[in-house]
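The values are calculated or read from the model by the stated rules, or taken from the named source; none is laboratory data. Keep in mind it's a predicted model, so treat the numbers as computed, not measured. Virtual Cβ from ideal backbone geometry, glycine too; neighbours counted across all protein chains shown. The protein model used for the area step is the full one, side chains on, heavy atoms only, and it has no ligands, DNA or RNA in it. Shrake-Rupley method; radii C 1.70, N 1.55, O 1.52, S 1.80 Å.
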Amino acid sequence: MKPRASQRPAVLFVDDEADLRELVSLTIERMGLDVTTAGSLAEAHGALSAQAFQLLLTDMRLPDGEGLQLLRYVATRYPNLPVAVITAFGNTENAVAALKAGAFDYLSKPVSVDDLRRLVQLALRVPAQADPGELARDRLLGSSAPIIQVRALIARLSRSQAPVYISGESGSGKEMAARLLHEGGARSDRPFVAVNCGAIPETLMESEFFGYRKGSFTGASEDRGGFFHAAHGGTLFLDEVADLPLAMQVKLLRVIQEKRVRKVGATSEDPVDVRILCATHQNLAALVEAGRFRQDLYYRLAVIDLRMPSLRECRDDIPLLAQSLLARMAAQHGEPMPRVSNEAITALMAYDFPGNVRELENILERAVALCGGATIQVDDLRLAGRESGAQSLSPRTMITATGSAPMPLAGSAPVQPVITGHSQWPADFLLDQEGAQSRPLPDFLEEIEREAILSALAKTGFNRTKAAQVLGITFRALRYRMERLGIKEPE
């Protein structure tokens with residue numbers, strides 16, 4: 001490969017239309033860049049072998065082949081060269097195919113000069129970013145095969161602008177993966193906006209996502225941008241995207257296709273430039289088949305699937321994760337943390353972790369609080385399903401510190417307070433109805449909380465929004481408690 005005389009970044013543009021080559025060349029040269037043009041695959045191959053380029057921009061249809069052929073050729077020979085493709089207007093299938101094949105981004109004909117400048121500027125920032133593989137190694141700990149594969153895929157996808165659908169169980173690190181994709185890519189210096197789609201009331205969704213104009217509805221006292229405006233130039237992460245109602249899915253699809261949003265009450269649209277990442281713990285493909293998620297939106301969001309493995313698939317990484325989590329707790333509390341005994345590590349590695357890494361962190365926090373010495377033992381972990389000397393305590397047995405009878409849970413008979421007053425309680429004051437066996441307070445409270453949530457969900461047909469209202473808590477608080485307690489929606 002011959003070195004270039006100029007030190008300016010160089011762009012190779014491949015298209016068989018002479019007028020378009022001239023327009024693109026002038027635009028790129030005015031940006032202070034060098035540009036080389038080619039009219040066919042053969043000419044593109046010759047240019048690539050003659051000098052180094054920082055961006056390749058190619059049409060999808062060429063006289064002697066397809067742009068996808070050139071894309072695959074570059075991926076094999078020049079893996080660090082970002083490639084963007086130009087597709088016919090409205091031909092989303094070609095755009096999706098190119099992104100799946102590894103394209104950095106795409107432009108639609110007729111080519112907008114502003115969109116061209118944005119794409120070129122974005123692509124030229126990619127090599128200057130921190131190594132995404134190094135970022136993933138620092139944050140996604142472990143040496144198991146699933147974790148190694150995820151880190152490699154994150155490093156590759158960070159260099160693209162393709163939408164990524166992150167799947168996996170609750171607590172498996174989907175938002176962390178989204179942040180790594182953002183931080184390792186060309187948009188790392190721009191905003192990362194995470195949105196929990198299940199926590200927004202349906203009546204407020206449009207104004208929250210797209211913003212609103214002053215006076216468009218009662219309470220709109222000033223103009224306000226939405227999530228797309230906040231994420232402009234950066235990344236918009238749609239967590240629990242499966243919770244979006246169908247009406248909102250239609251509007252979201254249009255914004256993704258047109259790259260423009262209209263505020264509530266506005267007559268004109270605003271251009272937006274965001275990379276879309278989404279995640280859900282549900283099976284999105286199954287929801288499409290069931291008619292609960294639009295197929296066309298699914299194909300636009302799930303261009304590339306990144307599956308986060310469960311902790312059960314990475315059992316060998318549990319000792320390293322536990323050590324890292326305890327070290328972080330020590331830094332937060334400013335005091336040395338106890339070590340974990342070999343027996344406790346064995347117990348952790350045998351546990352199924354329905355809540356994955358989030359549950360491991362909660363277990364270790366609880367163990368640190370309950371540990372009486374410098375070493376965490378098996379009993380300190382209090383893993384669900386393990387036999388213990390404590391007899392089960394019914395959550396319907398309520399305790400009050402005021403002497404007044406508590407309100408019974410749904411479906412239970414009124415109960416009398418077991419303990420009145422608060423003076424001189426023994427450390428193991430939690431007793432069953434016969435007073436025969438002590439029970440740790442955290443376990444007792446968790447059982448009460450679990451039964452109350454299950455009762456509210458049963459009453460509302462597992463409608464989490466209504467269940468939260470029944471319980472007198474926010475939707476977000478209910479969702480957090482369900483994840484912590486391992487309560488899942490019925491299949």
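For a 27 Å ceiling on Cα separation, which of these pairs sit above it: K100/K251; K214/K259; K214/K466; K174/K488; K174/K214; K100/K263? Mind dumping the intermediate values first?
Values: K100/K251 24 Å; K214/K259 23 Å; K214/K466 31 Å; K174/K488 17 Å; K174/K214 36 Å; K100/K263 32 Å.
Distance filter (> 27 Å) returns K214/K466; K174/K214; K100/K263.
Quick one: compute the contact order of the stretch 258-324, relative version, from alpha carbon pairs under 8 angstrom and 6+ residues apart, as a percent. Could you put the intermediate results ahead of the total?
Numbers: 26 pairs, mean separation 11.2, N = 67.
Answer for the stretch 258-324 is 17 percent.
What full-extension length gain, to one decimal in nm, is calculated for K214 and R476 as 0.36 nm per residue of separation minus the Cα-Cα distance?
Value of the extension gain: 91.5 nm.
Which order do the peptides 236-247, 102-113 come out in when sorted by mean C-beta neighbours inside 10 angstrom, highest first? Intermediate results must be reported in sequence, preceding the final value.
Numbers: 236-247: 20.4, 102-113: 18.8.
The most tightly packed comes first, giving 236-247, 102-113.
Under a crude label model (7 Å from the Cα following the beta-carbon direction), how far is Q469 from D115 in nanometres?
Taking the two extended label points, one gets 4.3 nm.
How many angstrom lie between the C-alpha centres of the stretch 190-223 and the stretch 6-62?
Going from one Cα centre to the other spans 42 Å.
Considering only protein heavy atoms and a probe of 1.4 Å, how much of the accessible area of the stretch 268-345 is carbon and sulfur, as a whole percent?
Details: 1780 of 3860 Å².
Looking at the stretch 268-345 in its full context, I get 46 percent from C and S.
How high is the FRET efficiency from R156 to D64, r the C-beta distance, R0 30 Å, rounded to 0.05?
Working: r = 29 Å, r/R0 = 0.95.
Approximately 0.55, to the nearest 0.05.
Highest first, please rank the peptides 188-197, 471-480 by the mean number of other Cβ atoms sitting within 10 Å of their residues. All intermediate terms of the calculation are to be shown ahead of the outcome.
Numbers: 188-197: 17.9, 471-480: 15.2.
Highest-to-lowest ranking by the protection proxy: 188-197, 471-480.
Just to verify a number: FRET efficiency for E202 and R224, C-beta to C-beta distance, R0 = 22 Å, to 0.05?
After rounding, the FRET efficiency stands at 0.75.
Using a Förster radius of 22 Å, what is the FRET efficiency between Q149 and Y78 based on their Cβ-Cβ separation? Nearest 0.05, please.
Numbers: r = 24 Å, r/R0 = 1.07.
The computed FRET efficiency comes out at 0.40.
Counting alpha carbon pairs within less than 8 Å and at least 6 residues apart, what relative contact order, in whole percent, applies to the stretch 184-318?
Numbers: 199 pairs, mean separation 33.8, N = 135.
Across the stretch 184-318, relative contact order equals 25 percent.
Once the piece of chain linking R8 and A88 is laid out straight, how much longer is it, given 0.36 nm per residue of separation minus the C-alpha distance between them?
Numbers: separation 80, 0.36 × 80 = 28.80 nm, distance 3.04 nm.
So the chain would gain 25.8 nm between R8 and A88.
Residues of the stretch 37-97: accessible area per residue at 1.4 Å, in Å²?
On the way: 2670 Å² over 61 residues.
Accessible surface, normalised per residue, equals 44 Å².
With Cβ to Cβ distances under 12 Å as the rule, what net charge do the other residues near D223 carry (K, R +1; D, E -1)?
On the way: positive: R213, K214, R224, K263; negative: E222, D270.
Summing Lys and Arg as +1 and Asp and Glu as -1 gives +2.
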